[in-house]
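Dropping a structure here in structure tokens format, bear with me for questions.
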Amino acid sequence: MAEGHFLMVSSPDHGIYHLTIPYGWPDLDHEKLQKALPYRGDQWVSLTTDQYSIHNEQRSDELEIAGQRLKDGSLLHMGHSAEFREELLEHFRDIFLLIMLVVVLVSIFIGMILARRSMAPVKALTNTVARVRSGSIKARVPLSDTENELQELAWQFNKMLDRIETLIQGMGQALDNVAHDLRTPLTRMGISIERAVLDSDPEQLREALFDCAEESQRISSMLNTLMDISEAETGAMQLNYTKIMPNLLIDGVMEIYQYAAQEKRVILESHCTPDLVFYADKNRMQQLLCNLIDNAVKYSQNNSHVTITASQEEKFLKITVQDNGIGIQPGEISKIFDRLYRSDKSRQEKGCGLGLSLVKAVINAHNGTITVKSTPGKGSAFILSLPMAPPPRDNG
């Protein structure tokens, strides 16, 4: 390795007063050296040596030299070997490679941490799916405060599980109610069939068939009502929103119950604000009003009135079905919307205790409310409140 500095002092006629060559360099041709060196101090030149051998290694080095003329006309040339620059660059290269290695290792480590954190919701989602598959329907994906696409996916997945759980619970309740309330009609059908088998009288057989047909119709109606209630309560009920005029809707339902009202000498009246319009599922609204008016007529006293009114209150349609019937005890008002619930007084009339449950379910499906005001012995008023505008469309 060449060490030290190059130093040469020469006379104006190019004679050499002094010459110092870095250690390890070969002897240089002085004449060639003189011609190659600059005589101005504002520039550097590079001088490459011939091949030489040092420590059995063939090599050639390079000098970087600058010159300056002195006051007496002599020249001073100083320089150094370029080898130190190579060493410096090699040193920088080693440092750079070391830094790059550290940066790569740190990047890999940080990347692993970030990947683990970013994949945590996916792992949580996978674990939740596994738990649901094993039968834990209440399992949910844990959510964090971070807002990103994966958290949105987890939130949507939890909402889906909530909906599934609600549907399963609705189905379970419906099955329990069916099993509970089908016992009576099935028992009656069994008794009628047994009597028909033991009796050969054609009239008895005919009566037994009619009884079975009646109970079969009752079972079918009960099942349909239970399914409607379950669909409405779980949000699975499909509602076909159309433009409806309340006065025409109420008049149509009143016409259906006109004959039953006349038999009990009950007067049906309607008072509707003209030109009212609201949006709802017409078939479901007819079903709802039929249940309310049927109950009103059924539990009204003879020579009484059933009044249906419709008016607008801000952005809501208010429909009231008022009767002068037996009324409802204060302790029973909170229970009358439960499935299969029937008060002691109502057990004298035919029914399965599902009508008001269906009414409330349909009202809730329309984002409305129902309230009850009743005085025992004087009558009841069922007050419906429904949005007049159609619900916003779900673009998702």
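The values are calculated or read from the model by the stated rules, or taken from the named source; none is laboratory data. Keep in mind it's a predicted model, so treat the numbers as computed, not measured. Here the Cβ positions follow ideal geometry from the backbone for every residue, glycine too, while neighbour counts run over all protein chains shown. Only protein heavy atoms, including side chains, enter the accessible area calculation; ligands, DNA and RNA are left aside. Shrake-Rupley method; radii C 1.70, N 1.55, O 1.52, S 1.80 Å.
Evaluate the following for Asn247: is it modelled with pLDDT of 80 or more, open to solvent by 40 Å² or more (accessible area, probe 1.4 Å) and touching a Ser or Thr at 6+ places or on another chain (Cβ under 8 Å)? Walk me through how you get there before you give the answer.
On the way: modelled with pLDDT of 80 or more: yes; open to solvent by 40 Å² or more (accessible area, probe 1.4 Å): yes; touching a Ser or Thr at 6+ places or on another chain (Cβ under 8 Å): yes.
Taking the combined requirement at face value, the residue satisfies it.
Can I ask one more? I'm trying to understand the selection: among the residues of the range 338-383, which are modelled with pLDDT of 80 or more, part of a loop (DSSP other than H, G, I, E, B) and not polar (S, T, N, Q)? Full working, then the answer.
Start the filter on the range 338-383 by keeping residues that are modelled with pLDDT of 80 or more, which leaves 356-383.
Narrowing further to those that are part of a loop (DSSP other than H, G, I, E, B): 366-368, 376-378.
Answer for the range 338-383, where residues must be modelled with pLDDT of 80 or more, part of a loop (DSSP other than H, G, I, E, B) and not polar (S, T, N, Q): His366, Gly368, Pro376, Gly377, Lys378.
Just to be sure, is Ser118 small (Gly, Ala, Ser) and open to solvent by less than 80 Å² (accessible area, probe 1.4 Å)?
Numbers: small (Gly, Ala, Ser): yes; open to solvent by less than 80 Å² (accessible area, probe 1.4 Å): yes.
When the stated conditions are applied, Ser118 passes them.
Can you tell me which residue within the range 273-318, out of those that are touching a Cys at 6+ places or on another chain (Cβ under 9 Å) and within 15 Å of Val253 (Cβ to Cβ), is surrounded by the fewest Cβ atoms within 10 Å (Cβ to Cβ)? Even if it seems obvious, please write down each step before you answer.
If we filter the range 273-318 for residues that are touching a Cys at 6+ places or on another chain (Cβ under 9 Å), which is where we start, we get 308-311.
From what is left, the residues that are within 15 Å of Val253 (Cβ to Cβ) are 308-310.
Details: Ile308: 26, Thr309: 18, Ala310: 20.
If we take residues in the range 273-318 being touching a Cys at 6+ places or on another chain (Cβ under 9 Å) and within 15 Å of Val253 (Cβ to Cβ), then Thr309 is surrounded by the fewest Cβ atoms within 10 Å (Cβ to Cβ).
Quick one: Ile229 ticks every box in (1) in contact with a helix residue (DSSP H, G or I) (Cβ under 9 Å, 6 or more places away or on another chain); (2) modelled with pLDDT of 75 or more; (3) open to solvent by less than 90 Å² (accessible area, probe 1.4 Å) except a single one, so which number is it?
(2)
For the range 193-226, how many residues are closer than 30 Å to Met160 by Cβ, in contact (Cβ under 8 Å) with a residue 12 or more places away in the chain and open to solvent by 60 Å² or more (accessible area, probe 1.4 Å)? First the steps, then the outcome.
Within the range 193-226, the first condition is being closer than 30 Å to Met160 by Cβ, and the residues that meet it are 223-226.
If we keep only those that are in contact (Cβ under 8 Å) with a residue 12 or more places away in the chain too, we end up with 223, 225-226.
Remaining after also requiring open to solvent by 60 Å² or more (accessible area, probe 1.4 Å): 223.
Of the residues in that region, 1 qualify.
Every residue in the range 250-263 that is within 18 Å of Leu288 (Cβ to Cβ) and loosely packed, with under 12 Cβ neighbours inside 10 Å, please.
The answer is Glu255, and nothing else.
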